[in-house]
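Working notes, beginning with the structure itself.
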Amino acid sequence: MSDRSLSPAWLAAWTDRVSGPLEALAGEFEHRYGFPPDTNEVRAADLADQAAARVLAQASPIPADLIAFYDSIGDVTWADVGNGYFLDSPGDVLLRLQEYGAVHVSANQEAHGLAIGSNGGGLSYVVGPDGAVHRTRTASLDEPELDEVAADLRQFLELLERTLTRFVADGDTGSL
């Protein structure tokens with residue numbers, strides 16, 4: 001396992017680190033915005049998530065870090081951080097794969113990725129077979145134009161953490 005690979009310990013530490021800012025957001029949200037907060041959580045994986053992740057791994061070549069992620073984390077829902085940030089459950093990712101197929105992540109359309117979430121503003125996050133995380137430029141996944149936003153899932157989670165911290169501090173989400 002490389003230093004950049006996701007482990008249960010790293011994912012637990014990441015979850016702990018984002019819990020504080022999420023609690024701060026919930027505590028001041030209604031005062032700041034005038035209405036109660038929506039769901040803002042990192043949900044631990046349950047047995048159904050872990051089973052769906054195993055089926056997903058059999059259905060499509062996916063990076064080991066995504067399996068490690070879904071072994072620990074069922075989904076990420078940060079509805080009130082900017083427009084929102086969402087990393088879907090493995091069951092939802094599997095359903096999308098079965099209904100719509102894989103997402104082309106290379107110009108020659110040979111590499112296929114999985115749409116794993118969105119930024120709440122219509123743009124999707126796609127993880128490629130090499131583990132890199134891409135963001136669509138438009139809301140369509142049919143023939144998406146993609147920009148790489150992170151070299152791997154760990155870097156992507158670190159970017160999400162910085163986005164959350166920045167949003168809690170000053171209301172700015174940055175460009176993720």
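The values are calculated or read from the model by the stated rules, or taken from the named source; none is laboratory data. Quick caveat, the model's predicted, so the values are computed rather than measured. We place every Cβ from the backbone using ideal geometry, glycine too, and count neighbours over all the protein chains shown. All accessible areas refer to the heavy atoms of the entire protein, side chains included, with ligands and DNA or RNA removed. Shrake-Rupley method; radii C 1.70, N 1.55, O 1.52, S 1.80 Å.
Some notes on this structure:
- Charge-dipole axis of the chain as Lys and Arg at +1 and Asp and Glu at -1 on Cβ define it, positive-most pick from A26, N40, L146: L146
- Rounded to the nearest 10 degrees, the angle from helix 90-100 to the longest Cα principal axis of the chain is 50 degrees.
- Positive dipole terminus of region 51-176, leading residue within H112, S72, S124 (C-beta point charges): S72
- A convex hull fitted around the alpha carbon atoms of region 22-90 yields 92 Å³ per residue.
- Using alpha-carbon coordinates, inclination of helix 153-170 to the longest axis of the chain, degrees: 20 degrees
- According to the Kirkwood relation over distinct C-alpha pairs, the hydrodynamic radius of the chain is 16.5 Å.
- Kirkwood analysis of region 89-152, using all unique Cα-Cα pairs, places the hydrodynamic radius at 11.5 Å.
- Helix content alone sets the calculated 222 nm mean residue ellipticity of the chain: runs of n ≥ 4 DSSP H residues at -39500 (n - 2.57) each, divided across all residues, give -14500 deg cm²/dmol.
- The charge dipole of the chain, taken about its Cα centre with unit charges on the Cβ atoms of Lys, Arg (+1), Asp and Glu (-1) only, comes to about 140 debye.
- Rolling a 1.4 Å probe over the heavy atoms of the protein chains gives the chain an accessible area of 49 Å² per residue.
- Charge-dipole axis of the chain as Lys and Arg at +1 and Asp and Glu at -1 on Cβ define it, positive-most pick from A169, V93, A9: A9
- Annotation: amide H of L176 has no partner in the under-5 Å range at sequence separation 5 or more or interchain, hydrogens built in the peptide plane.
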